[in-house]
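For reference, the structure discussed in these notes is given below.
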Amino acid sequence: MQMVVDSLRSRGKIYKKMQEVSPKELGIRNKIKMYKATDVSGYFWAIFAVSQKSRLLMKDVHKFEEIYSKLTLYCEHNFKHKVIFIDAPLCSKAEAAFVQAGWKIY
């Protein structure tokens with residue numbers, strides 16, 4: 001979590017409240033870190049951190065969209081911003097699909 005906070009702070013994003021959501025709470029078996037955060041303006045942020053060795057493809061974009069929809073149902077509100085941290089190589093089509101879906105990629 002500290003890596004995510006430091007990375008966002010270096011980009012000028014400061015949060016009042018940041019809470020980790022366990023994948024087990026959503027019924028997901030993926031190894032992903034999820035956070036819901038509230039910034040100083042009162043907007044809600046969905047923050048995902050993915051660490052894997054293989055390349056992220058288009059099927060992964062659909063998987064993250066499903067996880068995001070489960071998160072919105074679990075938290076009972078929509079998020080203003082969606083951010084994803086990826087350490088793996090990213091397919092160019094997947095990157096375009098993430099941007100088109102409204103994700104910010106770091």
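None of the figures in this text is laboratory data; all of them are computed from the coordinates on show. A quick note: this is a predicted structure, and the numbers were derived from the prediction, not measured. Note: ideal-geometry Cβ built from the backbone for every residue, glycine included; neighbour counts use all protein chains shown.
Of all DSSP beta bridges in the chain, what percent run antiparallel (nearest 5)?
55 percent
Loop-only check: which trypsin sites (Lys or Arg not before Pro) in the range 71-106 are DSSP coil with at most 16 other Cβ within 10 angstrom?
Qualifying residues, ordered by number: 80.
Measure up 17/59; 24/80; 31/93; 17/93; 16/93 against 29 Å on the Cα-Cα distance and list the ones that go over.
Those over the limit are 17/59; 17/93; 16/93.
List the trypsin sites (Lys or Arg not before Pro) within the range 1-35 that fall in a DSSP loop (any state other than H, G, I, E or B) and whose Cβ has at most 12 other Cβ atoms within 10 Å.
The qualifying sites are 11, 29, 31.
List the chymotrypsin sites (Phe, Trp or Tyr not before Pro) within the range 33-97 that DSSP assigns to loop and that have no more than 12 neighbouring Cβ atoms inside 10 Å.
Filter output for the range 33-97: 43.
With 5 Å bins from zero, work out the P(r) of the chain over every alpha carbon pair and list the percent per bin.
Computed distribution, short to long bins: 2, 11, 25, 25, 21, 12, 3, 0.
If the only charges are +1 at each Lys and Arg Cβ and -1 at each Asp and Glu Cβ, what is the size of the charge dipole of the range 2-105 around the Cα centre, to the nearest 20 debye?
It comes to approximately 120 debye.
Which of 14, 47, 28, 105 comes first, and how do the rest follow, when ranked by fewest Cβ neighbours within 10 Å?
14, 105, 28, 47
Can you sort 39, 87 so the residue with the fewest Cβ neighbours within 10 Å comes first?
87, 39
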